[in-house]
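Notes follow the structure.
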Amino acid sequence: MGYLAQTASLPERPQQPALSRDLWWQTAVLILSVGWLYWSILFHLAKQWSHDPNFTHGFFVPAFSLFVLWQDRDRLAREPCKSSSWGLLVVAFALSVLVVGVLGAELFLSRISLLLLIAGLAIFFRGRRWFRAVLFPWAFLILMIPIPAIVFTQITFPLQMLASKVAALLLPLLGVPVLREGNVINLPAMPLEVVEACSGIRSLLSLATLAIIYGYLTETRIWVRVVLALASIPIAVAANSLRIVGTGLLVQYWDPEKAEGFFHIFSGWLIFVVALAMLFLLHRLLQIGRARIDPRPLDHETGYRNGKPANTKSYWRFAVTAALLATSATFLQARGHSEILPSREPLASLPQQLGEWTGTDVPMQQDVLDILGPGDFLQRYYENASTSQPFVDLFLAYFPSQRAGDTIHSPKHCLPGSGWLPTESGRVSISFPGRTPFEANRYVIAKGDERQLVLYWYWAHDRALASEYWAKFYLVADSIRLNRSDGSLVRVITPLLPGEGVEVAQQRLLSFAGNLVPRLDRYIPR
């Protein structure tokens, strides 16, 4: 009887090592497949972290998520595992998002697809309950993905204006007279421009990331963690406003050159430390009268089915997942040839004589070109010698490729950044012989007593659009359909004479545009 019992137990002994070996090689194959599929995306993501000061905190985000997983490794090992077929749908959706992002020249989609893929794999192999156990470190990874440019500008510009307004309110209280024009603060010594780098977005993103990490490591109360994370927003805005005020004081009472040099950079670090201290002080206030609690969540009991660990028969799940990853990689590799770059003439060769309008080139400063990124740009003043009409300021920007994230900057953010504030906004329908009518954005902008009229639209593949969101949609669609991601911006401005109506200035711009648009096909290919 004892002999039979011993021999009956022999087949059970290699079961766990065999399962462990299968688990390891399947995991290794899937990790290598995901790495093969995403290596280019991750490489360019890390490159952006290292070059873009707004997102340098990205290096710390995956490191902290891995730390949280390592800290909870024992609890996660005992978490019941019940694989869910819903995860396969998430995996398929994530790979579809990847394909659209890569072929459609949309970096954010291709990057966010990695997080969706991780979620799908976790649900497919380990189950929804296990995914809920790792929800925090997974969700935290969102902070490592840079905000899309079309959204980023919508955030930075209001922050620039807010910081300018706060500084313009505080500086007179400290004896410094100011005159604010948009985001330009005119001081007696010199004008102080609150550019995008001074918007506070950099400290806001970094402080929010650190606030979440700090709250997780030091607090168990969820509501306190949420308060700390949300409080990082006004704290960062307030700290950045103090930095601008400090810069204004240095300009007025010490030396403008020193205010722009070392002390300007040093003040950024100093104010960030002050913001951290404010966050810590808020936490201490929330802790008054509250007992400390162990921050680690309670463990759950181990889940088993039929005396065996769950998911022992996962070969089909592994095979299906590996097949989906391989198919996606093969498809992207097949479509991974260089995008089409149509032949065109440089913008500088645009005729300086357009009908009765004679143009004069305006040199563009290097810092402006650095902000615009890789592309072909032209700024030119055109005057009509036959009349006494004011000049027309023409700006053309052409991007041969937008797959690397170099996108068109909207004038509605750039113009106020130079002190011009919009007083009227709307759209106007433009129609030229032989072309489909299209809409253009129309802005009346003012700086002091001066007024100007602005018309601009996005132009790509013989399609003119007023909406930057529709322009982004067609960028993705054309990149998939035509394997082209080129696009351009056309902007014309003219001053409004004293007493001149907007309609008169608009007819002047439309008359000029009628001479310009028929010639654009040579410089902005269809």
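The values are calculated or read from the model by the stated rules, or taken from the named source; none is laboratory data. Since we're looking at a predicted model, the values are computed, not measured. Cβ sites come from the backbone with ideal geometry, for glycine too, and all protein chains shown count toward neighbours.
The table below gives the values:
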| read-out | value |
| --- | --- |
| Residue pairs meeting the criteria (Cβ under 7 Å; at least 6 apart or on separate chains; first modelled with pLDDT under 80, in segment 218-241; second among the aliphatic types (A, V, I, L, M) and surrounded by fewer than 17 Cβ atoms within 10 Å (Cβ to Cβ)) | Ala239/Val274 |
| Scan of segment 479-510 for residues that are polar (S, T, N, Q), more than 17 Å from Ala348 (Cβ to Cβ) and in contact (Cβ under 8 Å) with a residue 60 or more places away in the chain, ordered by number | Ser479, Asn483, Ser485, Thr494, Gln506 |
| Number of the exception - Glu424 against (1) closer than 27 Å to Ser164 by Cβ; (2) of a type in the set (D, E, K, R); (3) at pLDDT below 75 | (3) |
| Residue list for segment 373-392, restricted to those being crowded, with 16+ Cβ neighbours inside 10 Å and outside any strand (DSSP E or B) | Gly373, Gly375, Gln389, Pro390, Phe391 |
| Considering residues of segment 161-174 that are free of Cβ contacts under 8 Å to residues at least 40 places away in the same chain and farther than 22 Å from Trp420 by Cβ only, the residue surrounded by the fewest Cβ atoms within 10 Å (Cβ to Cβ) | Leu173 |
| Candidates Leu453, Leu489 - the one that is in contact with a His (Cβ under 9 Å, 6 or more places away or on another chain), of a type outside the set (Lys, Arg) and assigned to a strand (DSSP E or B) | Leu489 |
| Identity of the residue in segment 156-181, assigned to a helix (DSSP H, G or I) and touching a Pro at 6+ places or on another chain (Cβ under 9 Å), that ends up modelled with the lowest pLDDT | Phe157 |
| Matching option when the condition is under 20 Å from Ala149 (Cα atoms) and modelled with pLDDT of 85 or more, among Phe108, Phe93, Phe67 | Phe108 |
| Candidate set: segment 337-357, residues that are crowded, with 17+ Cβ neighbours inside 10 Å and in contact with a strand residue (DSSP E or B) (Cβ under 6 Å, 6 or more places away or on another chain); chosen: the one farthest from Ala149 (Cα to Cα) | Trp357 |
